[in-house]
Every structure is written in structure tokens, then in C-alpha cells.
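The next block holds one structure in the form of C-alpha cells; read it before the comments.
The values are calculated or read from the model by the stated rules, or taken from the named source; none is laboratory data. The structure displayed is predicted, hence computed values, not measured ones. Note that we place each Cβ from the backbone using ideal geometry, even for glycine, and neighbour counts take in every protein chain shown. Side chains are part of the model used for accessible areas, which takes the heavy atoms of the whole protein and leaves out ligands, DNA and RNA. Shrake-Rupley method; radii C 1.70, N 1.55, O 1.52, S 1.80 Å.
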Amino acid sequence: MKMNTNEMKKWYTKTGGIIAMLFLFYPVGLILMWKHAQWNKAVKWIVTIVFVLYVFTVATSSSENKSPQTASKSDVTPTVSKKPVAKQKIVVSSMIVKKIAPETYRYFFNIENQESKDFNGEVYIQLYNGHEEPGFLIFGGATKSFADSPVRAGANSVSYIDDSHAPFEVSGIDGAMTFSYSVSVGDDTVATGKGGISGEYENYVQE
């Protein structure tokens, strides 16, 4: 009975047990190999190197598999910086209002380019009456494009819009009293402003 017990304890010192431990739990297997295996030292070193290389390869492969995932997340949400829009000194002022038809009033505006370069964008103008502050919108707006005829640097250009609403001089508080404008170049708004409708009025329609 004592002999069987010794044999059970020594199974891991045999060649089969050492090989099994090398594959099942190689750190312990390496210790048992160097301590109990009756193998040539060259064989032991070869086995040791093979298992060390195997462990290194597995660890490196696992690290490389995680790196692309981190990179792909950064690719999904790139940082986009938008350049600030450079403002331009384009000033709009009301010049005169002329009645050119029974129900048509022509509002003339002066477009002044105070920049050192030509202006070839667009100017959008809206009219307001005097019922509310800053005024109730009575004209949805009109756009004047200067793409084909730019306003030269330091120069002026006259533009107009036609509307059925009379100015304050004709309709009082119901008439156009103020205006607002927006200047754009491409998709960018480069200037905004507002002002009062000129008190100069001319009637070219015979009543």
C-alpha cells in the first residue's frame, strides 16, 4: 500500500506527466522538466525557448488586436475646426422713396463698400412699419446680387426694391419706417444692420 502511494506522488516526475504539464500549465511544466526530466540540457533549453516565444507571440497578438479598435473610434469622431467668418464693412442706407405706379413704391438704397477690395456678394433688405419696436415686418425681403457687377473698393452702388406698402410720409405709422439688411458672401453672413427709411418722397403718378 505504501508503494502505491509513492507511485501516485511521483507521476509528475515521469516523462509523460512532465509533457502533460507543459501543455496544461507550462510554467509548472517547465519547473518539473528542469528538476525531474532526464533529458539533455540542449533539449530542455529548446523546449524552454519554444514556450517563451509562444507566450510572447500570444501577448503581442492580443495587443495588436486592441490597437485598431482605438484608432477606429478616433476616426469616427474627427475634430473639425471651422475658420471664423471675416466681417466686411458694407453699409446700407435709405436714399429716397418714389411712387412709380398706383400701388407700387420704389425704395432706393445706397450700398457703400468701405472695404479695400471689391464686393461681389448679396444684400438682403426687409421693410418694417412703426406699430411695434423694432417694427412689424411688412415686406418679406428682397435680395440684390452683385456677382455680375461688383461694388468697387471704396465706392457706392445704388439699388432698389419695389413694394406695395407706402412709406411713413403717405401712410403714417402703417407705412414703411425702418429697414434691416444682411450682407452675405457665399454661405457666410459678413455684415448686418438696420436704419430708418428716408423722408424724401416723390410721386410720379398722376392722381
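Below, the figures for the structure above:
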item: Qualifying residues in the stretch 11-31 (those that are farther than 13 Å from residue 51 by Cβ and assigned to a helix (DSSP H, G or I)) - the one least open to solvent (accessible area, probe 1.4 Å); result: 17
item: Residue in the stretch 142-160 that is in contact with a helix residue (DSSP H, G or I) (Cβ under 7 Å, 6 or more places away or on another chain) and buried (at least 18 other Cβ atoms within 10 Å of the Cβ) present; result: no
item: Filtered residue count, the stretch 141-176, keeping only those that are over 12 Å from residue 130 (Cβ atoms) and assigned to a strand (DSSP E or B); result: 14
item: Sole residue being at pLDDT below 70, among the polar types (S, T, N, Q), open to solvent by 70 Å² or more (accessible area, probe 1.4 Å) and outside any strand (DSSP E or B), chosen from 70, 57; result: 70
item: Counted residues, the stretch 101-127 - those being surrounded by fewer than 21 Cβ atoms within 10 Å (Cβ to Cβ) and in a strand (DSSP E or B); result: 9
